[in-house]
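First the structure, in the form of structure tokens, and then the observations on it.
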Amino acid sequence: MTGAGTGLLFSPWLWLVMPLIVSIDAVIPIVPGDELVMAAGAVADGDIRYILLVLLTAGAGAFIGDQAAYAVGRARLRRGGDAVLGPRRQKAMDLARGALAKGGMSALVAARFLPGGRTAVNMLAGRLGYPRPQFRAATLVGATVSVSYAITIGTVAGHIVQDSPLFVALGGMALGASVPLIVGVPARVVRGLRRRRHATEATVEA
């Protein structure tokens, strides 16, 4: 984040830019919507009014973006076909399909914390004709949870890195980016232990 980007966090323009960036991030994941929310949380310095404004504007942007992603999925459904996806997007779409089939509304919330999962599962929900009222309810909860999570990560970084607004913002983004990786390590360990246990049981039975 540049000095101009840091200055935005203290500008009235933030309340217009924030929902716009976060909503676009729901459809185009490379847009740094979550990072902007984390950076805002990092420089909040305990200002409850500022934090509430971030929660309100970013939450509204996240919710609107989710509906846009759903609409894109519905449009593809009406066209009767899908565009060819790259390997990474196809993998994310396959994971989202399985999660949505098993978890329903809870999957719509949980998928937001997977890389690319939010966009994939929201578009897939539209593509599969997932009921719109249930989708809106799930994304309302999901938007609130994910934005609160990003603000919390940024606030933690703000207490750790206090040298300057730039370092605080960068610290919030770095910490937020590392959390999914850290959380994923125990999951991979558990999956490995389960595979070993099943292999051992199969050997004993044989």
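The values are calculated or read from the model by the stated rules, or taken from the named source; none is laboratory data. Everything numeric here is computed off the predicted structure, so don't read it as measured data. All Cβ positions, even for glycine, are placed from backbone atoms using ideal geometry, and neighbour counts span all protein chains on display.
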Please enumerate the residues belonging to segment 31-53 that are assigned to a helix (DSSP H, G or I), of a type in the set (V, I, T) and surrounded by fewer than 24 Cβ atoms within 10 Å (Cβ to Cβ).
V43, I48, I51
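For (1) within 24 Å of L114 (Cα to Cα); (2) at pLDDT below 90; (3) of a type outside the set (F, W, Y), each residue gets a yes or a no:
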position: M1; (1), (2), (3): yes, yes, yes
position: G5; (1), (2), (3): no, yes, yes
position: L8; (1), (2), (3): no, yes, yes
position: V22; (1), (2), (3): yes, no, yes
position: V31; (1), (2), (3): yes, yes, yes
position: G46; (1), (2), (3): no, yes, yes
position: L53; (1), (2), (3): no, no, yes
position: T57; (1), (2), (3): yes, no, yes
Which residue, of G126, G142, G73, G154, is under 30 Å from D45 (Cβ atoms), touching a Lys or Arg at 6+ places or on another chain (Cβ under 9 Å), modelled with pLDDT of 80 or more and assigned to a helix (DSSP H, G or I)?
G142
Write out, first by first residue and then by second, each pair whose Cβ atoms fall under 7 Å of each other, whose residues are 6+ apart or on separate chains, and whose first residue, in segment 111-131, is touching a residue at least 24 places away in the same chain (Cβ under 8 Å) while the second is surrounded by 24 or more Cβ atoms within 10 Å (Cβ to Cβ) and outside any helix (DSSP H, G or I).
R118/A26; T119/A26; N122/A26
Residues of segment 10-23 being surrounded by fewer than 22 Cβ atoms within 10 Å (Cβ to Cβ) and either under 12 Å from the mean Cα position of the chain (by Cα) or outside any helix (DSSP H, G or I) (or both), in sequence order, are F10, S11, P12, W13
So the check is Cβ under 6 Å with 6+ separation or different chains; which pairs have a first residue in segment 26-47 that's in contact (Cβ under 8 Å) with a residue 24 or more places away in the chain and a second one that's of a type in the set (D, E)?
A26/D66; G33/D25
For the structure I just gave you, tell me whether G80 is at pLDDT below 90, more than 27 Å from Q134 (Cβ to Cβ) and more than 13 Å from the chain's Cα centre (by Cα).
no
